[in-house]
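To keep things clear, I will list the structure first and then write my remarks on it.
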Amino acid sequence: MAAFTAKDVQALREKTNVGMMDCKKALTEADGDMDKAVEILREKGLASAAKKASRIAAEGVIGVYSDASGSALVELNCETDFVGKNPDFVALSNQIAKTAVIAKPADVEALGAATIADGTMSVTDAIQDLFLKIRENLKLRRFALVEGTAVSYIHGGGSVGVLVSFDTDAADSDEFKAMGKNIAMQVAAMSPEYLKESDISADELAKMKNITIESALNKPDSLPKPILMSIIAKTIEAGKWEQKDIDAYEAEKNNKFLFNFLSEEAKAALAETAVAGKEEYTANPIFGKLTEGRIAKQIKEICLLEQPFVRTDLFDGTVGAYVADTAKKLGAKIEVTGFVRFAKGEGIEKKVDDFAAEVAGMVK
């Protein structure tokens with residue numbers, strides 16, 4: 001008979017957070033040896049984790065940590081939103097972020113192998129220990145490390161995490177910190193893709209221009225009137241419109257809601273004519289101005305410093321102008337040098353349960 005007491009079982013439970021029955025079985029197998037029982041629980045947990053590794057872990061939390069040497073974001077995933085809100089799970093994500101700042105690992109594998117901050121085991125083992133309690137597939141997906149001055153923001157209890165890095169001599173001022181947080185909140189809300197226009201490569205700009213042109217040609221009602229009239233004339237001349245659409249056009253051609261009176265077939269024929277005449281229309285200076293205007297609008301949407309600052313109650317202008325205004329007021333140097341935005345589960349294909357089909361299958 002194994003030499004252990006109920007107090008030993010309770011002590012093992014407090015040490016591992018594993019259920020009472022599992023602790024009792026482990027102590028029995030270990031003949032009362034506490035350290036051996038811990039190893040047995042971990043080995044069984046690893047086996048169980050391996051079985052669950054294929055299950056989709058798209059929920060979770062974005063952890064964050066900052067100190068004078070740097071800042072880090074970490075995405076730690078789990079299977080359910082319930083576990084994603086677990087205090088121990090959230091605490092572990094922040095502890096891993098602190099580890100990233102201390103260890104400065106090259107990749108996720110190196111972070112997993114690093115000794116966890118304020119602990120003695122590796123990050124991977126710490127995740128495994130939490131699995132023993134939670135029993136869900138847990139995965140350290142990614143991290144971002146920023147050295148130097150950065151301001152962080154966590155939104156929605158960890159659903160989105162942001163780091164904005166700066167080159168400044170005003171890092172300790174309250175005004176700078178408030179500004180930094182406001183910009184981090186802007187990144188969280190508006191999801192910019194680039195810091196500034198010059199960060200967009202020539203290939204990306206060319207792709208953006210081509211998509212803008214194709215989109216405009218496939219939506220003739222958005223084209224300038226002189227070009228639209230030309231497309232309509234060519235479409236009618238080619239016999240692509242039925243008489244009812246020709247009549248509707250003649251009756252409503254000066255109506256700004258003209259397209260409400262045309263059939264879907266007529267609209268499709270216009271797009272076909274526009275796309276076929278792409279070379280001619282794109283050479284038109286009027287079309288060129290349309291394209292430039294739409295690209296400029298897109299750049300304002302995807303470049304952080306070009307975006308309109310959302311806190312108009314504080315400043316009316318672009319984010320870049322807000323930074324410059326704050327620097328002027330402080331008499332300091334402030335330059336935004338980059339940003340990182342993590343949203344939990346982004347890019348992970350989640351399983352969609354068809355409960356109706358499942359029930360139907362059960363009653364067959």
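The values are calculated or read from the model by the stated rules, or taken from the named source; none is laboratory data. Everything quoted here is computed from the prediction, not taken from an experiment. Note that each Cβ is placed from the backbone with ideal geometry, even for glycine, and that neighbours are counted across all protein chains shown.
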Original post:
Out of the range 224-272, which residues are assigned to a helix (DSSP H, G or I), surrounded by fewer than 16 Cβ atoms within 10 Å (Cβ to Cβ) and among the acidic types (Asp, Glu)?
Top reply: Glu237, Asp247, Glu250, Glu252, Glu264, Glu265
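Could you identify the single residue in Ala184, Ala178, Ala188, Ala233 that is in contact with a Ser or Thr (Cβ under 7 Å, 6 or more places away or on another chain) and of a type in the set (Gly, Ala, Ser)?
Numbers: Ala178 fails: in contact with a Ser or Thr (Cβ under 7 Å, 6 or more places away or on another chain); Ala188 fails: in contact with a Ser or Thr (Cβ under 7 Å, 6 or more places away or on another chain); Ala233 fails: in contact with a Ser or Thr (Cβ under 7 Å, 6 or more places away or on another chain).
So the residue among Ala184, Ala178, Ala188, Ala233 that is in contact with a Ser or Thr (Cβ under 7 Å, 6 or more places away or on another chain) and of a type in the set (Gly, Ala, Ser) is Ala184.
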Original post:
Would a scan of the range 188-209 turn up a residue that is of a type in the set (S, T, N, Q), free of Cβ contacts under 8 Å to residues at least 60 places away in the same chain and more than 30 Å from Ile302 (Cβ to Cβ)?
Top reply: no
**OP:** Would you be able to tell me the number of residues in the range 275-300 that are within 29 Å of Ala184 (Cβ to Cβ) and free of Cβ contacts under 8 Å to residues at least 40 places away in the same chain?
**Re:** 3
Original post:
Looking only at residues in the range 106-132 that are surrounded by 13 or more Cβ atoms within 10 Å (Cβ to Cβ) and among the acidic types (Asp, Glu), which one is modelled with the highest pLDDT?
Top reply: Asp125
**OP:** Would you mention how many residues in the range 95-136 are of a type outside the set (Gly, Ala, Ser) and under 26 Å from Ala150 (Cα atoms)?
**Re:** 16
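I'm checking my understanding of the structure. Among residues of the range 157-171 that are part of a strand (DSSP E or B) and over 30 Å from Glu59 (Cα atoms), which one is farthest from the chain's Cα centre (by Cα)? Spell out the reasoning first.
First, the residues of the range 157-171 that are part of a strand (DSSP E or B): 160-168.
Going one step further and asking which of them are over 30 Å from Glu59 (Cα atoms), we end up with 166-168.
On the way: Phe166: 21, Asp167: 25, Thr168: 27 Å.
In this case the residue turns out to be Thr168.
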Original post:
Of the residues in the range 276-298, how many are acidic (Asp, Glu) and either under 23 Å from Thr318 (Cβ atoms) or within 35 Å of the chain's Cα centre (by Cα) (or both)?
Top reply: 1
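I need the full set of residues from the range 58-97 which are touching a residue at least 24 places away in the same chain (Cβ under 8 Å) and of a type in the set (Phe, Trp, Tyr), in order please. Quick ask: steps written out before the conclusion?
Step one: of the range 58-97, the residues touching a residue at least 24 places away in the same chain (Cβ under 8 Å) are 58-67, 69-80, 83-86, 88-90, 92-97.
Hits for the range 58-97 are Tyr65, Phe89.
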Original post:
Mind checking which pairs have a first residue in the range 248-262 that is under 13 Å from Ile232 (Cα atoms) and in contact (Cβ under 8 Å) with a residue 24 or more places away in the chain and a second that is in a helix (DSSP H, G or I) and basic (Lys, Arg), Cβ under 7 Å, 6 or more apart or different chains?
Top reply: Phe259/Lys267
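Say whether the condition of being within 28 Å of Asn77 (Cα to Cα) and of a type outside the set (Phe, Trp, Tyr) is met by at least one residue in the range 303-320. Working first, answer last.
Of all residues in the range 303-320, those within 28 Å of Asn77 (Cα to Cα) come to 304.
Imposing the further condition that a residue be of a type outside the set (Phe, Trp, Tyr) reduces the set to 304.
So far as the range 303-320 goes, yes, one or more of its residues are within 28 Å of Asn77 (Cα to Cα) and of a type outside the set (Phe, Trp, Tyr).
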**OP:** Within the range 98-150, track down each residue that is of a type outside the set (A, V, I, L, M, F, W, C), in a loop (DSSP other than H, G, I, E, B) and either within 30 Å of Phe176 (Cβ to Cβ) or touching a residue at least 24 places away in the same chain (Cβ under 8 Å) (or both).
**Re:** Lys104, Pro105, Asp118, Gly119, Arg135, Glu136, Asn137, Gly148
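Please enumerate the residues belonging to the range 302-326 that are free of Cβ contacts under 8 Å to residues at least 12 places away in the same chain and among the small types (Gly, Ala, Ser). So that I can check it myself, show each step before the final result.
Step one: of the range 302-326, the residues free of Cβ contacts under 8 Å to residues at least 12 places away in the same chain are 308, 312-313, 315-317, 324-325.
Result: Gly317, Ala324.
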Subject >> Scan of the range 43-79 for residues that are modelled with pLDDT of 90 or more and either surrounded by fewer than 18 Cβ atoms within 10 Å (Cβ to Cβ) or among the small types (Gly, Ala, Ser) (or both), ordered by number >> reply: Gly60, Gly63, Ser66, Asp67, Gly70, Ser71, Ala72
